[in-house]
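The values are calculated or read from the model by the stated rules, or taken from the named source; none is laboratory data. Because the structure is a prediction, the values reported are computed rather than measured. Neighbour counts run over all protein chains shown; Cβ positions are idealised from the backbone, glycine included.
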Amino acid sequence: MATARLFDGDGRQKGTVDLPDSLFAQPVHKQSLYEVIRNYLANQRQGTHDTKTRAEVDFSKKKLYKQKGTGRARAGDAGSPTRVGGGVAFGPHPRDYGYKVQRKVKRKALTSALSDRAIAERVTVVEDIHLEAPKTAKMASLLGAMDLQGRHTLFVVEPDGNTLWKSTRNLQGVRVLRSNELNAYTILWADNLVFTQKALAGAEEVFGK
């Protein structure tokens, strides 16, 4: 069974906590990770690139000069792709790069990413933090006490932890996700994962089945 260090809300280590085997003690399936991360990056592409064809460039469609008798190569209109400033042949046009991956492949990639971080002892659990208002300084102090400040850190909060989410989102090098939003790409981006106790239980409830 994988374990993680347990800290209190002030960054003091209190011991260790067991991590759920359904998420953190699974085989690392590299092919699933490849497929899911490739899919994630493809879905992020805006696909707004565009080039003008010869029908769209702002040139007259008139033939430049007569077909024969000039001694020059034959030429049509000025918008030909072979001429400077002409249209682009076979250039890119707006399109959707997104596609779907099977849910079971995504689940396998997620557990693979979490298990990889657990094997490397990069998973930390923090006791539930109660803030009445967003306090970025409080979260910066906490990560500093845990020796995680300045590193790529993924902080996972419970789905209704809006105050904690707002307190963490502006920290440099930190990304924050709700426990039901976990994905393999962001997990592998992070050098360290930090879960609140409620977020850990919520992730097991959603993804550990």
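What do you reckon, is THR111 farther than 19 Å from PHE24 by Cβ and either among the polar types (S, T, N, Q) or not assigned by TED's automatic domain parsing to the domain that holds PHE7 (or both)? No: the conditions fail for THR111. GLY11 falls short of the stated requirement of being in the same structural domain as SER141 (by TED's automatic domain parsing), exposed (fewer than 11 other Cβ atoms within 10 Å of the Cβ), modelled with pLDDT under 95 and at positive phi.
Here LEU19, LEU6 are screened, and the one residue that is within 20 Å of ASN192 (Cα to Cα) and out of contact with any Gly (no Cβ under 9 Å at 6 or more places or on another chain) is LEU19. Residues in segment 93-120 that are in contact (Cβ under 8 Å) with a residue 60 or more places away in the chain, in contact with a His (Cβ under 8 Å, 6 or more places away or on another chain) and not polar (S, T, N, Q): LYS108, ALA109.
With respect to being of a type outside the set (Phe, Trp, Tyr), surrounded by fewer than 10 Cβ atoms within 10 Å (Cβ to Cβ), out of contact with any helix residue (DSSP H, G or I) (no Cβ under 8 Å at 6 or more places or on another chain) and assigned by TED's automatic domain parsing to the domain that holds LYS30, LYS104 fits the description. Which pairs turn up if I take residues in segment 46-71 that are in contact (Cβ under 8 Å) with a residue 24 or more places away in the chain and look for partners that are surrounded by 12 or more Cβ atoms within 10 Å (Cβ to Cβ) and aliphatic (A, V, I, L, M) with beta carbon separation below 9 Å, at least 6 apart in sequence or on another chain? Matching pairs, first to second residue: THR51/VAL88; LYS52/VAL88; THR53/VAL88; ARG54/VAL88; VAL57/ALA78; VAL57/VAL88; PHE59/ALA78.
Every residue in segment 131-142 that is of a type outside the set (S, T, N, Q) and in contact (Cβ under 8 Å) with a residue 60 or more places away in the chain, please. Reasoning before the result, please.
Going through segment 131-142, the residues of a type outside the set (S, T, N, Q) turn out to be 131-135, 137-140, 142.
Of everything in segment 131-142, just one residue is of a type outside the set (S, T, N, Q) and in contact (Cβ under 8 Å) with a residue 60 or more places away in the chain, namely LEU142.
For the residues SER60, SER80, the requirement of being surrounded by fewer than 11 Cβ atoms within 10 Å (Cβ to Cβ), at pLDDT below 95, hydroxyl-bearing (Ser, Thr, Tyr) and outside the structural domain of ALA145 (by TED's automatic domain parsing) singles out SER60. Take VAL101 and tell me if it is in a helix (DSSP H, G or I) and over 23 Å from ARG151 (Cα atoms). Criteria not met by VAL101.
Scanning segment 12-36 for residues that are of a type outside the set (A, V, I, L, M, F, W, C) and not in a loop (DSSP other than H, G, I, E, B) turns up GLN13, LYS14, GLY15, THR16, ASP18, ASP21, SER22, LYS30, GLN31, SER32, TYR34, GLU35. Do we have any residue at all in segment 85-92 that's at negative phi, touching a residue at least 40 places away in the same chain (Cβ under 8 Å) and of a type outside the set (Phe, Trp, Tyr)? Checking segment 85-92: at least one residue is at negative phi, touching a residue at least 40 places away in the same chain (Cβ under 8 Å) and of a type outside the set (Phe, Trp, Tyr).
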